Structures are given as structure tokens and as C-alpha cells.
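Report on the following structure.
Just so you know, all these numbers are worked out from the coordinates, no wet-lab data involved. Here the structure is a predicted model, which means the values were calculated and not measured. For neighbour counting, all protein chains shown are included, and Cβ atoms are generated from backbone atoms with ideal geometry for every residue, glycine included.
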Amino acid sequence: MLALLCGGQGTLSDKMFDLVADQPTAEPIFAAAAPVLGADPRDVIRTRTADELSVNRASQILTVTSALAVHACIADLLTEQTAVTGYSVGEMAAWSIAGVWTADEALRLTDIRARLMQDAAGPDGRLGYVRGLDRSALQYLLDKHHCEIAIVNPDLLFVVGGTEQDVIDLCHEAEEGSARTGLLAVRIASHTARLEQAWKPLQQALDHSALSAIADSRLLLAGGDGERIFSATCATAKLARQVARPIDWSATLEAVAELGVTRVLDLGPGHALAEMMQAFQPTVRCYAADGFRTLDGLRNWITSERPSIYCS
């Protein structure tokens, strides 16, 4: 079985649409994103600075657009049962790929999600990462610097959130303990209690959206913990709460592996999720759309049953 992973914010670049920018099958996705962004997303990434692209609203919309555009160019090949899940805002794309929303609806709701999160979080939030500390050592720093775990990744990689200065201070102290740390481009403390006020109005928006049944050929997994979603109408609260609750991506990858998945495609943007899955489950053949030079190469990989080696 193939699994599709939809990436989160933080890996945007002016080359993120290169693989599919001129593909007719991706054109409806770009057309759907343009009125939400106020411009064609292909123009946005070429003309905006890195700081402008990292603004929460633009970043979320571009991230979802990227995954949906790649999927649109391979959807005709996905005739067998396929698992799909998403990392953070990537879960919005995953629901659309599973058949719950049209691309237009997914992008409209992503815009609402981003606006609600920004309003709830205020102007001084930030995400950072800490790799190499065990949970107890990290918890001491979290308590000391008033931060929270936002995402649990494999291999002792934690995303932490709080005010920008608190995250910076936590990272500096963690480095003294030989951990690797850094700030992420996400300037909002996603998946922490700082966004508590966002999830209920988001759930209302999701409940009133144009929801369809999950496609028979898709297995949709919640990005926060890997739980299988059988009914989208029963899972809107879970998806909404995700903005203010920590994500256990390690559990999600474990759930993907337990489905008997043999191949994983990271739809992007970027290739971080493919790398995580490859390290977590070395026997699973993983690749990222970002790693292909041509769309034909990607499509050939999907249709081939021959083992492939992942290259970052």
C-alpha cells in the first residue's frame, strides 16, 4: 500500500511549484488558491521575500496548495487503496485528498483556520525545535521558559512553542546540554494552549463546510495521533482542536506503518516527512515529490512495484 503524507509549514521556497507549475491538471488548484491569496500562488512565491512567505496566513495557504497541486497530477494513478494523513496544516490537504472537501473548500477553510489562529495567538508567538533531549529533561526547560511541546516527532525531535523570546531562551539553554536546536519560520505558537480560543470557531466553520464521505479508495488518518477517521462529520472537533493541542507525529507514523504500508510519498512542500518515515521505518520505501526532477519520473515511481531508494 502507498501512503501520502502532506507536509506542514516552514519549507516554502521559490521552487516549490517547479514540478507541477505548468501541468494542466494542477491548474484548477492554482486557480482555487489565487482568490484566497489575492494572486496566483506561482507568482506569490517568486515575488515575495522569505519573511513575507513565512507570514502565517500565506504560509498555510501555500502549503496546502503545494500538496494539492502535486496530488492533482498523480490522482489518476491512485486506483488502489491509499492511506493519507497530514502534518499540522497538511491535514487540511489530507482531508481534501481523501475526498472530504473539494480543493476550493479546503483552501477556503485553510484561510479561516489561519485567520483564527493568528487572532488567538497574538503577534509574539514562535515555534522552535529541540533534538536530542529526553522528555524529562525537555520538560524541565519547558516549565522554566513557559513553553509547550507542539509536535512530537521520532528520534527525540520536538517542536516547541511559546513567545518568541521564551523559545529562543529555551533553545539556548538546551544547546548547553548538547541538544541541537533552532527557530522555525513559523511565527505562531501552533498546537499550544496559546491558541485555545481558535478551535471552537474553527470547528463551527468545519461543521458548516461542504463535507463529503471519505472516498472508498482512501484511508484517512488523523495527523495528531494516527487514529483512523471513518466519518469526517464525526471528526471535525478533533481536527479543530489540533490547532491548540500537541501533535504526536510519531504515533501517526507508527499507525501508517501498522497499515502495512510499503511505500510512502511525501507530497511536500519539502522532504522532511519522507526523511522521518525512512528513519522510523527503514524497510518502507520512501520518497518525496520534491526529490523528482520531472513529473514523469514521479508518475513512473508510483506505478512501479520495483524497490526504490530514497534520496534527500
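Tabulated results
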item	result
Phi-based couplings in Hz for region 77-88 (Karplus 6.51, -1.76, 1.60; Gly and Pro marked x)	8, 8, 8, 9, 4, 10, 8, 8, 8, x, 9, 6
Cα shape, region 111-255, gyration tensor, a/c 1.5 rule	oblate
Burial ranking of peptide ranges 47-57, 2-12, 29-39 (average Cβ count within 10 Å, highest at the top)	2-12, 29-39, 47-57
Relative exposure of 92, 1, judged by other C-beta atoms within 10 Å (fewest first)	1, 92
Cα convex hull volume per residue for region 125-187 (Å³)	64
Added length on full extension, which subtracts the Cα-Cα distance from 0.36 nm per residue, residue 39 to residue 185	50.4 nm
Farthest positive-ward along region 1-151 dipole, Cα basis, beta-carbon charges - from 130, 103, 73	130
Distant-in-sequence amide H partners of residue 286 (H built 1.01 Å from N, under 5 Å)	264, 310
Segment residue 275-residue 237, extension gain: residue separation times 0.36 nm, minus the distance between their alpha carbons	10.7 nm
Label-point separation, residue 144 to residue 227 (7 Å along Cα→Cβ), nm	3.5
Förster radius 30 Å - calculated FRET efficiency between residue 293 and residue 52, Cβ distance, rounded to 0.05	0.60
Extension gain (nm, one decimal) between residue 135 and residue 14, 0.36 nm per residue minus Cα-Cα	40.0 nm
DSSP-defined beta bridges in the chain - what % are antiparallel, rounded to 5	50
R0 of 25 Å, Cβ-Cβ distance residue 81-residue 303: FRET efficiency to nearest 0.05	0.95
Local net charge near residue 131, Cβ-Cβ under 12 Å (Lys/Arg +1, Asp/Glu -1)	-2
Region 95-118-region 21-46 distance, computed between alpha-carbon centres (Å)	15
